[in-house]
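The structure appears below as structure tokens.
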Amino acid sequence: MLKIISIQNLEQISTYFLNENEGFDAQKNTWIVSDLRLQQECEEIILHQQGFFFDHSVSRVGDLWKKIFQEKFPNQQIISASLAVEWIEQILEKHSHPKIWKKVVLESMERFCGLFCLSNSDDLWQELDDSNPDAEIMKISWQVFQEIRSHNIVLAKWIPAMLLAAQTDIHWQRKLFVDLRSQLTSTEAQLFYEISKHQEV
């Protein structure tokens, strides 16, 4: 079940934690936030209101997707962006492309990951119009993406798009309170909708 509520400020969040009927239970629920600062703020509120919290009580959204992804695909290795740049540099050099493009390729892969994950994406990028000024870098990004994926390697920023493209049931064992504000992406919104088919969100 998916339910949307309006929260304007941190004070309202604190009040919501005290709601006996629909309030947050640190033992049974997970509060999802966008960054470490908000995670620490919510943990302080929970500690003050309920006297305790667990590791699963508050989670950054990126950590949530990582946990779900690793449960679904345990053979996949998640690497950092800095390590990905090293991989990109090696692949560019292998195919005689300028290594200076490494950061542009990284950004391109993050931007188009959703398209790269489509089952028919190979045909899509092969047919890309060469008159497009970005066509070359997009094709190279696709090539690098494919080679990295062949080693069962993913970047954390790719995970939401990959989970959505996998078209598999997505579960979380606890009721979710999602507090991402303006940081919620359309891909993540769709993922939370999929979770809500099996769990309260």
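At-a-glance table
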read-out: Elements of type helices (runs of 4 or more DSSP H) contained in the stretch 30-123, each with 1 or more residues being open to solvent by 40 Å² or more (accessible area, probe 1.4 Å) and either touching a Pro at 6+ places or on another chain (Cβ under 7 Å) or hydrophobic (A, V, I, L, M, F, W, C) (or both); value: 36-50, 81-94, 102-116
read-out: Search result, residues across the stretch 121-152 that are of a type in the set (Gly, Ala, Ser) and modelled with pLDDT under 75; value: 121, 131
read-out: Qualifying residue in the stretch 39-52 (condition: aliphatic (A, V, I, L, M) and free of Cβ contacts under 8 Å to residues at least 24 places away in the same chain); value: yes
read-out: Any chance residue 183 is open to solvent by 40 Å² or more (accessible area, probe 1.4 Å) and within 22 Å of residue 12 (Cβ to Cβ); value: yes
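The values are calculated or read from the model by the stated rules, or taken from the named source; none is laboratory data. Note that the structure is predicted; figures quoted are calculated from it, not measured. No Cβ is skipped: glycine too gets one built from the backbone with ideal geometry, and neighbour counts run over all protein chains shown. All accessible areas refer to the heavy atoms of the entire protein, side chains included, with ligands and DNA or RNA removed. Shrake-Rupley method; radii C 1.70, N 1.55, O 1.52, S 1.80 Å.
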